[in-house]
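Visitor: Handing you this structure, nothing more for now.
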Amino acid sequence: MKLINTEVRIENTSICNANCIMCPREQMTRPKVTMPTEHFKDLVLQSERLGATDIGVFGYGEPLCDPDIVEKVQFCTDRGMNTFVTTNAS
């Protein structure tokens, strides 16, 4: 199987430092945690095998709240993948 869209988004953390009124994150019942780096790398490798070329590192959490964000983005870059984040930058 190959991806039709080569962009994959991986939520590296569900933790956020903001409480935006339009965001449903606070109503979600899932745990607020940061994804372990090894699990993130495994998802990137799986995505790459499926044909991904771009990895978006974000979700309902603030990606910069992840203390390992640099290592995770560097892993993608080292594999030749384009990466991007969406952040509130606070």
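The values are calculated or read from the model by the stated rules, or taken from the named source; none is laboratory data. Computed from a predicted structure; not experimentally measured. Here Cβ is always computed from backbone atoms with ideal geometry, including for glycine, and neighbour counts include all displayed protein chains. Side chains included, ligands, DNA and RNA excluded: accessible areas come from the protein's heavy atoms. Shrake-Rupley method; radii C 1.70, N 1.55, O 1.52, S 1.80 Å.
Visitor: Working out 0.36 nm times the residue gap between T77 and E26, then minus their Cα-Cα distance, what length gain in nm do you get to one decimal? Working shown, then result.
Guide: Values: separation 51, 0.36 × 51 = 18.36 nm, distance 3.18 nm.
Computed gain between T77 and E26 is 15.2 nm.
Visitor: If you build the convex hull over the alpha carbons only and average its shadow over all orientations, what do you get for the stretch 33-75? Give it in nm² to one decimal. Intermediate results must be reported in sequence, preceding the final value.
Guide: Numbers: hull surface 12.2 nm².
Average of the hull's projected areas for the stretch 33-75 equals 3.0 nm².
Visitor: To the nearest 0.05, what FRET efficiency results for E48 and D68 with a Förster distance of 30 Å applied to their C-beta separation? Could you put the intermediate results ahead of the total?
Guide: Working: r = 19 Å, r/R0 = 0.64.
So, using R0 = 30 Å, E works out to roughly 0.95.
Visitor: Can you tell me the accessible area per residue over the chain, all protein chains present, probe 1.4 angstrom, in square angstrom? Working shown, then result.
Guide: Working: 5660 Å² over 90 residues.
Counting only protein heavy atoms, the per-residue value for the chain is 63 Å².
Visitor: Right, here's the next one. Accessible area of the chain with a 1.4 Å probe: how many percent of it is carbon plus sulfur? Each step should come with its number before you reach the end.
Guide: Numbers: 3220 of 5660 Å².
Carbon and sulfur together cover 57 percent of it.
Visitor: Please list 28-36, 12-20, 78-86 highest first by mean number of surrounding beta-carbon atoms within 10 Å per residue. Before the final figure, lay out each step's value.
Guide: Values: 28-36: 11.4, 12-20: 15.9, 78-86: 13.8.
The packing order, highest mean first, is 12-20, 78-86, 28-36.
Visitor: Counting pairs of alpha carbon atoms under 8 Å apart in space and at least six apart in sequence, what relative contact order in percent does the chain give?
Guide: Numbers: 135 pairs, mean separation 36.1, N = 90.
RCO, the chain: 40 percent.
Visitor: Just going by the charge dipole of the chain, with Lys and Arg at +1 and Asp and Glu at -1 on Cβ, which of M81, T34, A52 is farthest out on the positive end?
Guide: Farthest towards the positive end: A52.
Visitor: If a paramagnetic tag sat 7 Å from the Cα of Y60 along the Cα-Cβ line, which residues of the stretch 14-49 would have the backbone N under 19 Å from that point?
Guide: 14-36
Visitor: Percentage of Cα-Cα pair distances in the chain greater than 24 Å, rounded to whole percent? Spell out each step's value before the answer.
Guide: Values: 860 of 4005 pairs.
Tail fraction, whole percent: 21.
Visitor: Under a straight-distance cross-link criterion of Cα-Cα below 17 Å, which lysines are reachable from K41, leaving out those fewer than 8 residues away in the same chain?
Guide: K72
Visitor: A further question follows. Comparing Q46, Q74, Q27, which has the greatest mean-square fluctuation in the GNM of the chain with Cα pairs linked when under 10 Å apart?
Guide: Fluctuation is largest for Q27.
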